[in-house]
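Following: one structure in structure tokens, then a few remarks.
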Amino acid sequence: MSPRAEAGVGGAGEDFVRPTGARSDRIHQAILDATAELLDEGGLPAATMDAIAARSGASKATLYKHWPSRTAVAAEAFGTMMAEALPLPDTGSTAGDLTEQVVRVSAFYASARGEVFAQLLAACVEDRTGAAYFREYFLGGRRAAITELWQRGVDRGDADADIAIDDVIDILFGPLIFRRMTGHCALTDENARRLAETAMRGLKPQTSR
């Protein structure tokens, strides 16, 4: 468990401190596992605090010692689910890696888990504390993974060190979220690949353009 996790999540949940220690860590993981199962079975509506408590064997009081809200525990569980479903590719080139990852993320958003993503995003509008967990455990984890991938390319020499990684991530993956939430463009592999290839034309190192 990271120091930040032990101290609580910044932003709306910055005053929340979760229990630590070996026993607390085991309980914490059991709750996350139960939440992930419920999210896969019935989406966010199925992952109520009562249902999570019943599935995990922990009391609701224990749940609220570890998370400030239902959205918060669901966001942390979902972040782990996506990380496990989308390991970083290694095609040998940054353009290939990013294109493959955009295609994978698009397919994830098009799946039943994409509906859970949309439900969580909507819940965060009303739950500022839960939104902080969503940024930390879902968005933060995904952005860290792509940062690692981009740095690998910088070290290899086929990614531009002068381009801000936040811009890279938003250019490539922001449209997928927009498409998932609005439905204006189908989340197909073909569309995702075309999007990535178009974006990569502007993200190549200057000497490669």
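The values are calculated or read from the model by the stated rules, or taken from the named source; none is laboratory data. All of these numbers come straight from a predicted model, not from anything done at the bench. Cβ: placed from backbone, ideal geometry, glycine included. Neighbour counts: every protein chain shown.
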Item to check | Qualifying residue in the stretch 201-209 (condition: surrounded by fewer than 18 Cβ atoms within 10 Å (Cβ to Cβ) and within 22 Å of the chain's Cα centre (by Cα)) | outcome: no
Next on the checklist: For the stretch 169-195: of the residues being within 16 Å of the chain's Cα centre (by Cα) and either in a loop (DSSP other than H, G, I, E, B) or among the β-branched types (Val, Ile, Thr) (or both), which is surrounded by the most Cβ atoms within 10 Å (Cβ to Cβ)?
Outcome noted: ILE169
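Matching residues to (1) modelled with pLDDT under 95; (2) under 11 Å from the mean Cα position of the chain (by Cα):
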| position | (1), (2) |
| --- | --- |
| ARG113 | no, no |
| ALA118 | no, no |
| ALA132 | no, no |
| TYR137 | yes, yes |
| ARG142 | yes, yes |
| THR147 | no, no |
| TRP150 | no, no |
| ARG156 | yes, no |
Next on the checklist: Among the listed residues ARG193, ARG180, ARG201, ARG142, identify the single one that is within 21 Å of LEU98 (Cα to Cα), in contact with a Ser or Thr (Cβ under 8 Å, 6 or more places away or on another chain) and of a type in the set (Lys, Arg).
Outcome noted: ARG193
Item to check | Residues that are within 22 Å of ASP160 (Cβ to Cβ) and either touching a His at 6+ places or on another chain (Cβ under 6 Å) or assigned to a loop (DSSP other than H, G, I, E, B) (or both), drawn from the stretch 88-136 | outcome: LEU88, PRO89, ASP90, THR91, GLY92, SER93
Item to check | Residue among GLN101, GLN29 that alone is more than 30 Å from ASP158 (Cα to Cα), at pLDDT 95 or above and polar (S, T, N, Q) | outcome: GLN29
Next on the checklist: Can you confirm whether THR129 is β-branched (Val, Ile, Thr) and buried (at least 19 other Cβ atoms within 10 Å of the Cβ)?
Outcome noted: yes
Item to check | Selected residue (only one of THR182, THR198, THR147 is within 26 Å of GLY43 (Cβ to Cβ), of a type in the set (Val, Ile, Thr) and free of Cβ contacts under 8 Å to residues at least 24 places away in the same chain) | outcome: THR182
